[in-house]
Amino acid sequence: MIRYTAYRKYLYYLKNYSSFKKVNNILLNNREFYLKKTTLKSLPYQITIDPASHCNLRCPACHTGTKFSEMVKPSFLKFKDFQTILNQVKDHTLSIALYNWGEPFLNKEIFDIISFATENKVGTTMHSNFNHFNEKMADNLVRSGLTHLYLSIDGATQEVYEQYRVKGKLNNVLHNIQLLNDAKKKHNSQLPFITWKYLKFAHNEHEILDAHKIAKTLNVNNFEVFAAQPVLRDIYDEAKEYELNPGKLQQLKHDCKSLWASLYITPDGTTFPCSLSFRPSESFGNILNEDLSNIWNNISYRNARSLFTPGFSKGDVPLPCKGCKFYLRNCAKN
């Protein structure tokens, strides 16, 4: 059941949120990535801003859920800070991801945040466990103009669902989907597109078909299954897996596009180069204290991008890039 595939979503973004400046920036960015430029004229167009680094669940493979002590201090994104950030990125991005390590709906200003993005012609995508929600929030969400909502639901029964979504209530989540559907109908809105995101583990694989049937009855737009990691891991754990399997490392043909196209921002403005980074020592700056134009081509970003150029200096590559799978592969080549 895929009525709104990823391609149709991106077409929606292009139709409703694109401009000549945004498209030109994306084309230039891809060219600079192909040429492996270390100082860029283009700006990032894949922006992730975490509205909340708090969560109401305790998922065992999530740094927030396990209250991992090495993370940047948990906080909520303030609306005024979001305005500061969006004003720096709105002219060169089609959409932003309003999620990362926390539960977005715990942020009391989340609907103002989404609405401000919508008003500024920027699409929005959000992931949620959907346990914290009610009828008023459903109405506010539809009014805000959120483009796409991924719902993390990994089971068709409470017994299976709660094995990963610890403290979550499946019946509550299913009820909340109906509340959102009612609000969409009330406002005659196709937004937000809803995707049921099913993380597949050994313990829940047998319930995928049943979950798919439930998704159909609730008229969600899309049902997607993703392979999941059952234990907590970070960028260094991932690299270790490659190091222990040289054949897998040699098969790693692509390069890291994130250093050219992406920006990951915590609620307090801390800026990271990678979705798997979260420690203060891995930060490349703070977008609330510095302009994006200064961060984007600072020494950390330039040295990190140099990892993909011939004869790069191993000692200059900063964390977290110095501990990633690409560093291992390129050191073996260099």
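The values are calculated or read from the model by the stated rules, or taken from the named source; none is laboratory data. It should be emphasised that the depicted structure is a prediction, and the values quoted were computed from it without experimental measurement. Virtual Cβ from ideal backbone geometry, glycine too; neighbours counted across all protein chains shown. Calculation scope for accessible area: heavy atoms of the full protein, side chains included, ligands and nucleic acids excluded. Shrake-Rupley method; radii C 1.70, N 1.55, O 1.52, S 1.80 Å.
Scanning the range 282-305 for residues that are open to solvent by 20 Å² or more (accessible area, probe 1.4 Å) and in a helix (DSSP H, G or I) yields 293, 294, 299, 300, 302, 303. With the structure loaded, tell me whether residue 326 is free of Cβ contacts under 8 Å to residues at least 40 places away in the same chain and among the aromatic types (Phe, Trp, Tyr) or whether it fails that test. So residue 326 does not fit the description; no.
For the structure I just gave you, tell me whether residue 111 is in contact with a helix residue (DSSP H, G or I) (Cβ under 9 Å, 6 or more places away or on another chain), within 27 Å of residue 75 (Cα to Cα) and of a type in the set (A, V, I, L, M, F, W, C). Considered against the rule, which asks whether it is in contact with a helix residue (DSSP H, G or I) (Cβ under 9 Å, 6 or more places away or on another chain), within 27 Å of residue 75 (Cα to Cα) and of a type in the set (A, V, I, L, M, F, W, C), residue 111 comes out as yes. Of the listed requirements (1) at pLDDT below 95; (2) farther than 22 Å from residue 278 by Cα; (3) hydrophobic (A, V, I, L, M, F, W, C), residue 235 misses just one: (2).
Within the range 189-220, the set of residues being among the small types (Gly, Ala, Ser), under 30 Å from residue 139 (Cα atoms) and out of contact with any Asp or Glu (no Cβ under 9 Å at 6 or more places or on another chain) comprises 189, 215. Taking the range 113-124 as the range and being on the phi < 0 side of the Ramachandran plot and either open to solvent by 10 Å² or more (accessible area, probe 1.4 Å) or more than 19 Å from the chain's Cα centre (by Cα) (or both) as the test, the residues that pass are 115, 116, 118, 119, 120. Taking the criterion of being free of Cβ contacts under 8 Å to residues at least 60 places away in the same chain and touching a Leu at 6+ places or on another chain (Cβ under 8 Å), the residues of the range 193-220 that qualify are 194, 196, 214, 218. Would you mind stating whether residue 128 is of a type in the set (Gly, Ala, Ser), open to solvent by less than 30 Å² (accessible area, probe 1.4 Å), over 26 Å from residue 175 (Cβ atoms) and within 16 Å of the chain's Cα centre (by Cα)? When the stated conditions are applied, residue 128 does not pass them. Residues in the range 307-334 that are assigned to a loop (DSSP other than H, G, I, E, B) and either under 14 Å from residue 235 (Cα atoms) or open to solvent by 30 Å² or more (accessible area, probe 1.4 Å) (or both): 309, 310, 311, 313, 318, 319, 320, 324, 334. When restricted to residues that are open to solvent by 10 Å² or more (accessible area, probe 1.4 Å) and either farther than 19 Å from residue 271 by Cα or acidic (Asp, Glu) (or both), the range 80-106 contains 4. Among the residues of the range 138-187, the ones that are farther than 25 Å from residue 10 by Cα and free of Cβ contacts under 8 Å to residues at least 24 places away in the same chain come to 6 in all.
Residue by residue, here is whether (1) farther than 29 Å from residue 60 by Cβ; (2) part of a helix (DSSP H, G or I); (3) open to solvent by less than 60 Å² (accessible area, probe 1.4 Å) holds:
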residue: 137; (1), (2), (3): no, yes, yes
residue: 146; (1), (2), (3): no, no, yes
residue: 151; (1), (2), (3): no, no, yes
residue: 162; (1), (2), (3): no, yes, no
residue: 167; (1), (2), (3): no, no, no
residue: 175; (1), (2), (3): no, yes, no
residue: 179; (1), (2), (3): no, yes, yes
residue: 199; (1), (2), (3): no, no, yes
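Restricting attention to the range 231-266, the residues that are under 30 Å from residue 41 (Cα atoms), surrounded by fewer than 19 Cβ atoms within 10 Å (Cβ to Cβ) and of a type outside the set (Asp, Glu) total 5.
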